[in-house]
Every structure is written in structure tokens, then in C-alpha cells.
Amino acid sequence: MSFPPNTAPLFKEITQQVASLTTTLTTALAQPADKPPLDFSTAPPDIITARDDLLEAVRTLNELVLGPADRLRNMATEYSDPATLRWIVHFKIASHVPSSGSIAYPALAAAAAVPVAHLRRILRYAMTNGIFTEPASDHVAHSPLSALLSAPGSVLDTVGHAIQFSYPVSVRMVEMTERWEGDEAKDHTAFNVAFETPLPMFGWLKGAPDHAARFARLMTAINTSPAYDVKHLVGGYEWAGLGGGRVVDVGGSTGHSSVALARAYPALKFEIQDLEYVVEQNKAGVPADVADRITFRAHDFFTPQPSIADVFLLRQILHDWPDEAAVRILRGLVPALERNADARVLVMDQVVPEPGAMPRAKEKLARAVDLIVLSHFNGKQRDLADWKGVVRAADERLVIRRVLRPEGSVFALLEVGLEDGGKAGEVSAGGEAVVPEVPAVDEAELAGTADGDSEAALRAVVDKMDE
Ligand SMILES: C[S@@+](CC[C@H](N)C(=O)[O-])C[C@H]1O[C@@H](n2cnc3c(N)ncnc32)[C@H](O)[C@@H]1O
């Protein structure tokens, strides 16, 4: 028996990567070699890439050493990791452990109101994952990991939401498929099975204030992280070229995108559209310096667009919806595009890469988000073929003219317009244009392929729903 031949070279490569990253951290960041930063998210891009490469190499080495059978066994049997974490978070164990020193198991059990026998066995398993330590016989103390679970903060919010909300949903995907066989209704999901409710997730959250508040904090944290920053919208498109044009921010929520754009482009005017109650909540909150150029309008985006504008912005809207709904939202904008030959739709959302096109860890994360939106509310993270499918299904004259990828942004900008709008390819790219000029290519790519077939099927479904 031996390890695969590429094991030793990989180990050597990892050693070199560790040495190089350590040097970079100590010199570039003046970081003591024995104390690496815990949070790499704010590090310069080259350091993040070096760390990603190292993690990928370590993962590959781990897989080589394990071999196929043990890799599968590990994947299948590590369910105790999330299960114990869920128990610890649910009973708020970490908050009862002192920040320094330790506490005896019976005292900790009494403080958390749990049976000491369960506590001891579950914590001793968790300790093998580095959560808590047992520095003296029958005493529990914090580890760096458990300390993060002891007080409110973004780590506890992320872990708590994942483990108490999404994890029970994820294990119900079998029932979702068996019960609804791929039906895309928002109330036919693994969430509905796990939470035994007929309500769609966002409707259910309205009646669950604790879950809703944590979810809102999490969304705020994500939306304010660098990859989601609204600066990518502001700098990623040729807004200045619109002169004194009008932008409709469809599903604009609080209007933070429009406010940022209004500040950067003093000639532009904005209308923020959303559901009536959202408009009522937000219309008084527009900052005074841009208030004269921003208006609100209650509008359901499943109905025809009433406003005239140069740009209809759909930021983080369509991924919330299954294909048939995304098609109806886009279709609602077509009359507005017909009214103004210069008008375009700007979709800011993720474009999932082709399988294998990015490092595995990143691809895994992107695909995990896709499974979350599928299992929770029948949403969809789309690749380019999916985007082309929904766009063409909305109206056969509608095309993706360009896909712009602002550097550092998790989202791409898809410029969508009517084929006969006469604007294709005229505007220079504000980021990397991966599809410089699309219509003819789209037709060829879609025709006769599985995507073309699904687009036709999709259009038929939506046409039927419209009847
Ligand atoms: C994920 S948020 C995106 C908000 C904003 N565009 C952004 O980028 O942060 C989705 C928004 O769509 C709005 N929305 C949901 N259903 C809607 C509908 N039928 N018509 C109009 N807006 C709707 C929600 O109220 C929410 O503000």
C-alpha cells in the first residue's frame, strides 16, 4: 500500500506556500510570525489569493492521504459536527463559561439548565473540533472557537442562523423533491418541510421576530462586506454617460443603491420602487443632500412597469425568484423598454461560473448559496446560460448585451435590452466585458441546445401562467 505519487510533491509545495505566506505576512503586514491575523477578509487581494491557494493545496493533500473510501465515510459520518454545534448554540452553553478560568461540568449544567451527562458527552465531542477545552479534570474552559460563541457578534449570528435555521432545512431536500417533484413554488421547499409550515420563508419570518432579527443582522453584515459593497455598482457602469437621465431602482428597498449613485452622479434622478409597506417605511429616510433627486413609488414588480427611465436597476432581486417568476419580473419591464429606445435593464446579481472554472473552495461556496436559495425559497443562482434563458423567455427580443464584472465584486452587472433598441456594443465596458456583444451569439448558442429547449419550455409555462 502507498500514497498516490503526487502526495510528496504536493507536501513540498505546501511547505513552500506556508513559508512564502509567512514572509508576506511578517513583512507586508508587520504581523508577528507566531500570531497570524484571524480575519483575512480585509487583507490585500494577493494575500487572500495566497491563503486560498494554500487552503486548496492542503485540502487536496488531505484527500490524497485519506483515499476515496475514507473521504466518503468522513463526509457521511461527520454529521455530529453540526449536531453538537446546534446543541451548544441552542442551550447557549458558551455564554455560561467564564471568559478566563474554567467551570465544573455540574455547575455549567446547572447554569444552562441541561442534564450534566448530555453536557459532558456533547462537549467532549465538540472539544475534538477545538470547541471548548478541558484544562483540568471535569472542568470546561473556552477555546478561541467557543469564545466566539459566547457573546453577540457576527460569528454567533452566522453560526446560529446556519445551525438553527438552515441546517434543519438542508436535511429535508429529499422530502422537498419527493413531495413536490421540482415544482418551483415558494411554499414547496425543504424549508416548508423542516418548519412544518405552509408559509413561504419570508412570510414565516414575519411571525418569528428572533429569527427575523438575526437574519436581518446577517444580511446587513453580508451586504456591508467588501465584495457586496455598493461601490461596485457606482464604479462598475458608465453612469456618467447617462447625463441627466432617470434611473428606476426596482425593488430598491431602503434606497441605499440610489443614494450612493445620486451622490456620485449629481445629474441623475432616481425613483425607488418597492412594495407599498416597504416604501412607507423608507421614503422619509432619504438623506437631505440627495432628497430632491429621489422619489419613491409603490409598485409590484410582477405588474407592468409604469415609469419611464433610462435604466431599470434590478439589484439582488432575481436570485430570490425561480425562473418562471424571474421571467415575469423581466416581462413586466418590456413595455417600459418599448417606450424608450435608450432604456435598458441593469441586473446586478451573481453569475455562477461554469463547473471547474474557479478554485474548488470558492465554487463550493457559490454552489452552497445556490442550494440555500433553492431549499429555503426556491430561488436560483444562475450561470450565464440560465440568465440567457430567463431573459429570452421573458421576450424573444430581449438580449443580454454585456456582462460586466467589477473587480472585487461578488456580483456581475448584466446589461439587458431590446434587440432592436440599437444600443448593443456602443458603450465601452466599465469592467471586464465577458460578452462584448451578444445577440447573434446568443441565438446560436441557445438554438437546439438543452438550454434552448428549457428556455422554450420555460416560456410556455410562463405564457400559461399569464393567461
Ligand atoms: C433582496 S432585497 C434587494 C434590495 C435592494 N435592491 C438591494 O440591492 O439591496 C429584495 C427587495 O425586493 C422587494 N420586493 C419583494 N417582492 C416585491 C414585489 N412583488 N414588488 C416590488 N418589490 C418587491 C423587497 O421588499 C426587497 O426590498
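Here each label is just a point 7 Å from Cα along the line to Cβ, and for E280 and A221 those points are 3.2 nm apart.
With no solvent and one equal point scatterer per Cα, compute the Debye intensity ratio I(q)/I(0) for the chain at 0.06, 0.08, 0.09, 0.10 Å⁻¹ and report its log10, rounded to two decimals. Each listed q maps to, in turn, -0.34, -0.60, -0.76, -0.93. Helix-only arithmetic for the chain: the sum of -39500 (n - 2.57) across DSSP H runs with n ≥ 4, divided by the residue total, places the mean residue ellipticity at 222 nm at -15000 deg cm²/dmol.
The angle between the Cα long axis of helix 80-90 and the main principal axis of the chain comes to about 80°, on a 0 to 90 degree scale.
If you take every DSSP beta bridge fully contained in the chain, what fraction is antiparallel? Give it as a percent rounded to 5. Working shown, then result.
On the way: 16 of 36 bridges.
For the chain, the DSSP antiparallel bridge percentage is about 45.
The apolar share of the surface of the stretch 226-433, taken as the fraction of accessible area on carbon and sulfur atoms (1.4 Å probe, ligands and nucleic acids excluded), comes to 54 percent. Note on D81/I308: beta-carbon distance plugged into 1/(1 + (r/R0)^6) with R0 of 56 Å gives a FRET efficiency of 0.55.
Tell me, what is the FRET efficiency for K364 and K92 to the nearest 0.05, using R0 = 25 angstrom and their Cβ-Cβ distance as r? After rounding to 0.05, the efficiency reads 0.25. log10 I(q)/I(0), Debye, Cα-only the stretch 70-148, no solvent, q = 0.15, 0.18, 0.22 Å⁻¹? Debye curve over Cα of the stretch 70-148, log10 I(q)/I(0) at q = 0.15, 0.18, 0.22 Å⁻¹: -0.49, -0.67, -0.96. Modelled label positions at Q164 and T177, each set 7 Å beyond Cα in the direction of Cβ, lie 3.0 nm from each other. With every protein chain in place and a 1.4 angstrom probe, the accessible-area ranking of Y125, Y79, Y228, largest first, reads Y79, Y125, Y228. Using the Karplus relation 6.51 cos²θ - 1.76 cosθ + 1.60 with θ = phi - 60°, the per-residue 3J(HN,Hα) values for the stretch 171-178 come to 7, 9, 5, 4, 4, 4, 5, 5 Hz, with x marking Gly and Pro. Rounded to whole numbers, the Karplus 3J(HN,Hα) couplings from phi for the stretch 343-352 are 6, 9, 9, 10, 9, 10, 7, 7, 10, 5 Hz, using 6.51 cos²θ - 1.76 cosθ + 1.60 with θ = phi - 60°, and x at Gly and Pro. For the residue pairs K231/K388; K92/K206; K283/K364; K231/K364; K12/K231; K231/K380, the C-alpha atoms sit more than 30 angstrom apart in K283/K364; K12/K231. Checking every one of the GluC sites (Glu not before Pro) in the stretch 200-276 against DSSP loop status and a limit of 11 other Cβ atoms within 10 Å picks out no site at all. Across the chain, the relative contact order, built from alpha-carbon pairs under 8 Å that are at least six residues apart, equals 11 percent.
How much of the calculated P(r) for the stretch 226-433 lies past 23 Å, in percent of all Cα pairs? Provide the component values of the computation, followed by the final result.
Values: 9386 of 21528 pairs.
Across the stretch 226-433, Cα pairs with separations above 23 Å total 44 percent.
Here the simple spin-label model places points 7 Å from the Cα toward Cβ, and for S154 and A240 these points are separated by 3.1 nm.
Against the main long axis of the alpha-carbon atoms of the chain, helix 384-394 sits at an angle near 40°.
Relative contact order of the stretch 70-148, taken over Cα pairs closer than 8 Å and 6 or more residues apart, is 31 percent. Compute the angle between helix 323-339 and the longest alpha-carbon principal axis of the chain, please, reported from 0 to 90 degrees and rounded to the nearest 10. On a 0 to 90 degree scale, this one is about 30.
The values are calculated or read from the model by the stated rules, or taken from the named source; none is laboratory data. All values reported here derive from a predicted model rather than from experimental measurement. Glycine gets a Cβ as well: all are built from the backbone with ideal geometry, and neighbour counts include every protein chain shown. These accessible areas exclude ligands, DNA and RNA; they are computed on the full protein's heavy atoms, side chains included. Shrake-Rupley method; radii C 1.70, N 1.55, O 1.52, S 1.80 Å.
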